[in-house]
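J.: The structure follows.
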């Protein structure tokens, strides 16, 4: 696939994704009954999402950790510090009820979203850094996500940390590892189906989101606007603080753009599925809304930065690994 075709394909994905989620969510809201049974298959949908992600990974993606440890370490740590902290701040700012607050915290505590890699590509960010940050944050999520929820969810909210960790191992870690192993041994065959993998992931996210919307149709009438605003503020702040984090450490501009994307964009489908399973149906709403919002803001971000010239220093450094 040529660079032009790759860019066109990526653009289709990033713009088609929110359109599909929005239309499906509207239909599920108006006619919830046919979609409510989807909530019984959340684990299957999450497995599909993570398995397709694993199939897109390669061993060099993880070797990048050894070549560029500093930006990857800072990026992953920042993601698991900044986004949960911002979730707490935003929940208090908008006085969210406990269910929505814990759902927003779950959104801030899950790993980076797979769409972040596409956004980084279109925004002329550091794509290799983006893929590696997403991979590393996903691999450590069975430890970090339950830990953050246990520490930050509050005494009024019971958290099954062990059950959450085991579910993440089953639905996140194992599918990603199996996908990666298949990519290693069946690389030529996997390369042929790579173009359709993002669409399978989108269908999996749709299954999670549409079920969550259908199960919460009545609640959305009363809390829908505040959830949208809270998720947008949380997301935009993540972009801003993520970009500034890269600037503080004097990373190249391309890496700064990726830091903003990786820290601000979360695995919304995973957040919605986990919150709905371990807390309440209402807690799944922030993640469901984020599946739409994160891709819209991603498209806006691409429009804002894509044509902005990289500095001379950044252009020189784009092809050179950031050393520690």
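Values quoted throughout were computed directly from the atomic coordinates according to the rules given, and no laboratory measurement underlies them. The shown structure was predicted, so the numbers you read here are calculated from the model rather than taken from an experiment. FYI the Cβ positions are ideal-geometry reconstructions off the backbone, even for glycines, and counts take in every protein chain you see.
J.: Which length gain, in nm to one decimal place, applies between residue 182 and residue 306 when the Cα-Cα distance is subtracted from 0.36 nm times their residue separation?
T.: Length difference between fully extended and current span is 41.2 nm.
J.: Mind checking the angle between helix 98-109 and the chain's longest principal axis? C-alpha axes, 0 to 90 degrees, to the nearest 10.
T.: 20
J.: What angle do you read, to the nearest 10 degrees and between 0 and 90, between the alpha-carbon axis of helix 197-215 and the longest principal axis of the chain?
T.: It is inclined by approximately 20 degrees.
J.: At residue 229 and residue 43, where each label point lies 7 Å from the Cα along Cα→Cβ, what is the point-to-point distance in nanometres?
T.: 3.9
J.: Another question, if that's okay. Could you work out how far apart the two model spin labels at residue 193 and residue 70 are, taking each label as a point 7 Å from the Cα in the direction of the beta carbon, and quote it in nm?
T.: Label at residue 193, label at residue 70, 4.1 nm between them.
J.: Here's another thing I want to ask about it. Counting other beta carbons within 10 Å of each Cβ, put 76, 229, 305, 110 in order, fewest first.
T.: On the way: 76 25, 229 15, 305 19, 110 32.
Listed from fewest to most nearby Cβ atoms, that is 229, 305, 76, 110.
J.: Over the range 3-311, what is the relative contact order in percent, taking alpha-carbon pairs closer than 8 angstrom and at least six residues apart?
T.: It rounds to 34 percent for the range 3-311.
J.: Mind ordering 128-140, 173-185, 285-297 by average Cβ neighbours within 10 Å, highest first?
T.: Numbers: 128-140: 24.7, 173-185: 17.0, 285-297: 28.2.
Taking the mean over residues of other Cβ atoms within 10 Å, the ranking is 285-297, 128-140, 173-185.
J.: Can you give the calculated 222 nm mean residue ellipticity of the chain, where each DSSP H run of n ≥ 4 adds -39,500 (n - 2.57) and the sum is split over every residue, rounded to the nearest 500 deg cm²/dmol?
T.: So the calculated ellipticity at 222 nm is -25500 deg cm²/dmol.
J.: Another one. Want the number for residue 150 to residue 250: 0.36 nm per residue separation, take away the alpha-carbon distance, what's left? Mind dumping the intermediate values first?
T.: On the way: separation 100, 0.36 × 100 = 36.00 nm, distance 3.36 nm.
Computed gain between residue 150 and residue 250 is 32.6 nm.
J.: Among 26, 49, which comes first, then next, by fewest other beta-carbon atoms within 10 Å?
T.: Working: 26 12, 49 27.
The most exposed by this proxy come first: 26, 49.
J.: May I pose another question? What distance in nm separates the two pseudo spin-label positions at residue 160 and residue 62, each 7 Å out from Cα along the beta-carbon direction?
T.: Spacing of the two 7 Å Cα→Cβ label points: 2.9 nm.
J.: Quick one: order 121, 94, 45 by neighbouring beta-carbon count within 10 Å, fewest to most.
T.: 94, 121, 45
J.: Taking a virtual spin label 7 Å from the Cα of residue 89 along the C-beta vector, which residues in the range 103-143 bring their backbone nitrogen under 19 Å of it?
T.: 103-110
J.: Report the Rg/Rh value for the chain, based on alpha-carbon coordinates and the Kirkwood definition of Rh.
T.: Reported Rg/Rh (Cα atoms, Kirkwood Rh): 0.95.
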